[in-house]
Amino acid sequence: MPASYAYLGPEGTFTEVALRTLPEAATRELIPYVSVQSALDAVRAGEAEAAFVPIENSVEGGITTTLDELVAGTPLMIYREVLLSITFALLVRPGTKLPDIKTVTAHPAAQPQVRNWLKTHLPDAHWESAASNADGARLVQEGRYDAAFAGEFAAARYGLEALETNIHDAENAQTRFVLVGRPARPAAPTGADKTSVVLWQRDDHPGALRDLLGEFATRGINLMLLQSRPTGAGIGNYCFCIDAEGHIADRRVAEALMGLKRICLQVRFLGSYPRADVRPGEVLPPFPGTSDEEFVGAADWVARCQDGRF
């Protein structure tokens, strides 16, 4: 396997900035790809050790392109996550003024994060989506568009100027990125982990989603993401992408997954990995009644009851 990481390119994306915060990135060749799909396909084809892609932002929720790629195709697994605070700059060719801007571009996920700014400052500008924010900057450099929303750091890379900076509709906006590789044994639990799965229902009936969520709730497992995605099998057919607190090595999480495997048509395990919103080394206390010791104690009590030793 090549010692390389694929990422959503070209150079100058927020994805690249987030990727470079990983210590191991310094020892890998970082290769930009034109789309999330092509970056993940590079892993599936053995052209890259792992891919680093956006999966969620705090304004619009899950990045559907990434979720759909993880739902379908050859299984992949998440190994790490990174949170990056996001603010945009309006990048233009030198000499361009705000009244000159008739067309703007950026990645589709950027639009909800600058929508109100656009309405106020460029109400008549025409928006077209780009493969990435940095690709939008490249297209401005080539003269295809008048301006692009991207990171201010991309201006020098593409010979542009930041006409406006610190653009965002929501304060403290963040994007979550994940490092994705081929399936393997998850890293050991840290005490502050997250487990990601995709669930398919056996059938559509009243309370079906409640049944799925109940497997988590009865074991005191908090959900951090719940997003439905169409399966392509017709209107009303959905699977559910879920991020849950905990690690598959935790008894409560393992039992929840066993319960889901029993009642679901299909369960796809996407990995257990350290949470990025918790300081390294910090251990989160379990909800009362959900520690491994309490699960073991409950199982021992049942065994003693079965043996008549209660």
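The values are calculated or read from the model by the stated rules, or taken from the named source; none is laboratory data. Keep in mind that this is a model prediction, so the values were computed, not measured. Ideal geometry is used to build each Cβ from the backbone, glycine not excepted, and the neighbour counts take in all protein chains shown. Accessible surface areas use protein heavy atoms only, side chains included; no ligands, DNA or RNA. Shrake-Rupley method; radii C 1.70, N 1.55, O 1.52, S 1.80 Å.
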Counted residues in region 13-60 being open to solvent by less than 20 Å² (accessible area, probe 1.4 Å), out of contact with any Pro (no Cβ under 9 Å at 6 or more places or on another chain) and in contact (Cβ under 8 Å) with a residue 40 or more places away in the chain come to 10
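Can you say whether Val104 is open to solvent by less than 50 Å² (accessible area, probe 1.4 Å), at pLDDT 95 or above and farther than 18 Å from Val36 by Cβ, as far as the supplied structure shows?
Working: open to solvent by less than 50 Å² (accessible area, probe 1.4 Å): yes; at pLDDT 95 or above: yes; farther than 18 Å from Val36 by Cβ: yes.
When the stated conditions are applied, Val104 passes them.
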Would you confirm whether or not region 168-176 contains a residue that is surrounded by fewer than 17 Cβ atoms within 10 Å (Cβ to Cβ), in a loop (DSSP other than H, G, I, E, B) and modelled with pLDDT of 95 or more? no
Looking at (1) surrounded by fewer than 16 Cβ atoms within 10 Å (Cβ to Cβ); (2) at positive phi, which is the one condition that is false for Ala3? (2)
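Return yes or no: is Ile263 touching a helix residue (DSSP H, G or I) at 6+ places or on another chain (Cβ under 9 Å), of a type in the set (Val, Ile, Thr) and modelled with pLDDT of 95 or more?
Working: touching a helix residue (DSSP H, G or I) at 6+ places or on another chain (Cβ under 9 Å): yes; of a type in the set (Val, Ile, Thr): yes; modelled with pLDDT of 95 or more: no.
Here the answer is no, as Ile263 does not meet what is asked.
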Show the residue pairs that are 6+ apart or on different chains and have beta-carbon atoms under 6 Å apart, the first residue being within region 118-131 and polar (S, T, N, Q), the second being surrounded by 12 or more Cβ atoms within 10 Å (Cβ to Cβ). Ser129/Pro108
For region 75-94: of the residues being more than 17 Å from the chain's Cα centre (by Cα) and at pLDDT 95 or above, which is farthest from Phe14 (Cα to Cα)? Pro94
Of the numbered conditions (1) loosely packed, with under 12 Cβ neighbours inside 10 Å; (2) touching a Cys at 6+ places or on another chain (Cβ under 8 Å); (3) not small (Gly, Ala, Ser), Arg279 fails exactly one; give the number of that condition. (2)
Gly308 meets each of (1) at positive phi; (2) of a type outside the set (Ser, Thr, Tyr); (3) open to solvent by less than 40 Å² (accessible area, probe 1.4 Å) with one exception, condition (3)
